Amino acid sequence: MILKRKQLVLGDKTLKDISDDICAPVESFPGKGWVIMFLGAITLLLFYLMILGYIIAKGMGLLGVNHPNGWGTMIITFVFWIGIGHAGTLISAVLFLFRQKWRTSVARTAEAMTVFAVMTAGLFPLLHTGRPWLDLWLFPYPNQRGPLWVNFRSPLLWDVFAVSTYATVSICFWYIGMVPDFATIKDRAKNKVRRMIYGALSLGWRGTARNWSHYEMLYLLLAGLSTPLVLSVHTIVSFDFAVATLPGWHTTIFPPYFVAGAIFSGFAMVVTLMTLVRIGFPAFKDYITIDHMEVMNKIIMTTGLLVGYAYASEFFIAWYSGNIYERYVFINRAFGPYGWSYWIMIACNTIIPQIFWFRRFRRSIPVMFVVSIFVNIGMWFERYVITITSLHRDFLPSSWGNYAWSFYDAAVLFGSFGLFLTLFLLYLRVFPAVSIAEVKPVLNVGRDDGGHH
Amino acid sequence: MAQNQGGMAAIFLDEQKTVAAAIRCRESGLKKFDAISPYPIHAMEEAIGIKRSPLPYVAFVGGLVGMVVGLAFTIWTSAYDWPINVGGKPFVSLPAFIPIVFELTILFSALSSLSAFAWFCRLPKIDPPMIDPDLSSHKFAIYVPSDDHGYDANKLEQMFKELGAVEVKKVAVY
């Protein structure tokens, strides 16, 4: 039996159809659905800004952080958003290196998700410092205090470098991918202002063979650089925890465990967003096909198993180490005052995604949407469990205490979605949401007449 | 490359025909001609005879510089400019500097390849000349500047027509 390749682009498109379809959202007025969602998102964003303003003015005490829970919602949600970003880089860079042709139609939006997720995440540690107007002290610059340099031995400083490098390289990679598509929009523009704006964004790209040759090499290089970078970022985020001597944090499994979790949560967010994009822009269903969604669901299931393995292995090591503090933290994690969050995490991350063993559910849009939401919830709780259950009871019972969850904790968590969704919805209208220049070469994949691509 | 001077442009609707035309151009001794396409065509580099892009060398050197800068900076600030004893760790705590060095390696490499790319492609360019607006959507073109070896407008026009060009036109500026 010969396994035939599935068509990557449905509906017998011509090259011109692709340009027309993908440019349509940029060139037309938004529909009702988009406007309603945008108004919702921007209202949430304004609420978020108000809350953040109040937190900056009043201080971090508004949140539940206090001794012994020095890290709370801001750090939990930071790790959550950074993790979400990782799937975008995985799709756009790692799958590119593995020559996975299906990635072309989802790569742009996944990469956009990365950029916005990193932006959303980046705010949290900056605000968590409590005095965000002094955040420039995080960077080693010549100053009049000595100069007093930053402590390069601190994992928190590694994080500053990792996240800012990740943000910079991701934005470059994303932007370079869009340059030829900006040129397409510019050339199609009938309106002078649009022509000028997209002309400037396209940097004067003309698409000569010599330029394409450099372009492809640059794309390959950036993909090659992003791949170790993305693995390093969540590894370093996990060092923030693992380098501390706190039981529950001080484990060597953290780097791979965090990276697997990041990819897991990121793919869930890609699926959440893609199902919405498919509903909002029905024309994109020919590009982001059900086959694409199925592949991503398989990745969710696999990484969900990896994460489940990490949970089990942590427990095993806690017992096997013979360390009473370590053992206590894990028993307390599952059966202590925060046991409910632990079981939410287990249910959402390891049990619910197993539904994707069945092909019928892997290919069902409502099922995958619901599962992806559960995974998002579960992965937020994973970081909650790691941060809070380890901090709230450490070595000395005299210093135990629960996290004082406040209204502001909930407000920053939900408000951050306002920032992310506003950026994402604007992106869908302003930038080409599927890579035009990357989809065209895979047009013939799986077609009977020219499947030799 | 030729700038601000005229030449001949042939427009095609088909990828294969454009590649065939590029091969013919090269066989007839033309050297400075170029192809314009809405997406990268892999056979085109060979057809035109474009050399491998030197960007990987730039990326390598950029990464190397980033690594040296990262090492030098962390060691200089932590051990020489203002040594501070942190938890009894050595002043030159190399393993702890590796994440910083690694990130700077990646950052320098990525930014230098990006700058080199802009330099090689002469980007950004304000208001670039355009042969046909559809060349970034669904048409392909071969452009031959008039100062190319053995440029003959009539002969070229004839040749491109035979190769299946839908339009052959003189371009004043490109």
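So that you can scan it fast, the table gives a plain yes or no per residue for (1) more than 8 Å from every other protein chain (Cβ to nearest Cβ); (2) out of contact with any strand residue (DSSP E or B) (no Cβ under 6 Å at 6 or more places or on another chain):
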site	(1), (2)
A:Lys192	yes, yes
A:Ile197	yes, yes
A:Gly204	no, yes
A:Thr208	no, no
A:Trp212	no, yes
A:Tyr219	yes, yes
A:Leu229	no, yes
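For region B:136-169, a tally of residues being touching a strand residue (DSSP E or B) at 6+ places or on another chain (Cβ under 6 Å) and farther than 20 Å from B:Arg26 by Cβ returns 4.
A count restricted to region B:28-87 and to residues that are free of Cβ contacts under 8 Å to residues at least 40 places away in the same chain and among the charged types (D, E, K, R) stands at 5. Across region B:62-73, the qualifying residues are those that are farther than 16 Å from B:Phe97 by Cβ and in contact with a helix residue (DSSP H, G or I) (Cβ under 7 Å, 6 or more places away or on another chain), and the one among them that is surrounded by the most Cβ atoms within 10 Å (Cβ to Cβ) is B:Gly62. Screening A:Trp205 against (1) modelled with pLDDT under 95; (2) part of a helix (DSSP H, G or I); (3) touching a helix residue (DSSP H, G or I) at 6+ places or on another chain (Cβ under 8 Å) leaves a single unmet condition, (2). The set of residues in region A:316-328 that are β-branched (Val, Ile, Thr) and either exposed (fewer than 14 other Cβ atoms within 10 Å of the Cβ) or modelled with pLDDT of 95 or more (or both) contains only A:Ile324.
Tell me which residues, restricted to region A:248-270, are surrounded by fewer than 24 Cβ atoms within 10 Å (Cβ to Cβ) and either assigned to a helix (DSSP H, G or I) or among the polar types (S, T, N, Q) (or both). Across region A:248-270, the qualifying residues are A:Thr251, A:Thr252, A:Phe254, A:Pro255, A:Pro256, A:Tyr257, A:Val259, A:Ala260. Selection of region A:37-61 for residues being within 15 Å of A:Leu426 (Cβ to Cβ) and either of a type outside the set (S, T, N, Q) or not in a helix (DSSP H, G or I) (or both) yields A:Met37, A:Phe38, A:Leu39, A:Gly40, A:Ala41, A:Ile42, A:Leu44, A:Leu45, A:Leu46.
Among the residues of region B:113-136, those identified as at pLDDT 90 or above, within 30 Å of B:Val61 (Cβ to Cβ) and either within 7 Å of chain A (Cβ to nearest Cβ) or buried (at least 21 other Cβ atoms within 10 Å of the Cβ) (or both) are B:Ser113, B:Leu114, B:Ala116, B:Phe117, B:Phe120, B:Cys121, B:Pro124. Given the criteria within 12 Å of chain B (Cβ to nearest Cβ), in a helix (DSSP H, G or I) and within 21 Å of the chain's Cα centre (by Cα), does A:Ser238 qualify? So A:Ser238 passes the test. Pairs linking a residue in region A:125-145 that is within 14 Å of another protein chain (Cβ to nearest Cβ) to a residue that is in a helix (DSSP H, G or I) and surrounded by 13 or more Cβ atoms within 10 Å (Cβ to Cβ), with Cβ atoms under 6 Å and 6 or more positions apart or on different chains, are A:Leu138/A:Val160. Within region A:203-228, residues that are among the acidic types (Asp, Glu) reach partners that are assigned to a helix (DSSP H, G or I) with beta carbons closer than 9 Å, at six or more positions or on different chains, in the pairs A:Glu216/B:His42; A:Glu216/B:Glu45. Against the conditions (1) closer than 28 Å to A:Val385 by Cα; (2) buried (at least 19 other Cβ atoms within 10 Å of the Cβ), A:Thr245 satisfies every one except (2).
Taking region B:81-103 as the range and being at pLDDT 95 or above, closer than 14 Å to A:Pro140 by Cβ and more than 7 Å from chain A (Cβ to nearest Cβ) as the test, only B:Val101 passes.
Would it be correct to say that A:Ile56 is surrounded by fewer than 17 Cβ atoms within 10 Å (Cβ to Cβ) and in contact with a helix residue (DSSP H, G or I) (Cβ under 7 Å, 6 or more places away or on another chain)? Here the answer is yes, as A:Ile56 does meet what is asked. Within region B:137-158, does at least one residue satisfy the condition of being assigned to a helix (DSSP H, G or I), at the interface with chain A (Cβ under 7 Å from one of its Cβ atoms), touching a helix residue (DSSP H, G or I) at 6+ places or on another chain (Cβ under 6 Å) and not hydrophobic (A, V, I, L, M, F, W, C)? The answer is no, given that none of the residues of region B:137-158 is assigned to a helix (DSSP H, G or I), at the interface with chain A (Cβ under 7 Å from one of its Cβ atoms), touching a helix residue (DSSP H, G or I) at 6+ places or on another chain (Cβ under 6 Å) and not hydrophobic (A, V, I, L, M, F, W, C).
The values are calculated or read from the model by the stated rules, or taken from the named source; none is laboratory data. As the structure is a prediction and not an experimental result, all values here were calculated from the model. Backbone-built Cβ (ideal geometry, glycine too); neighbour counts: all protein chains shown.
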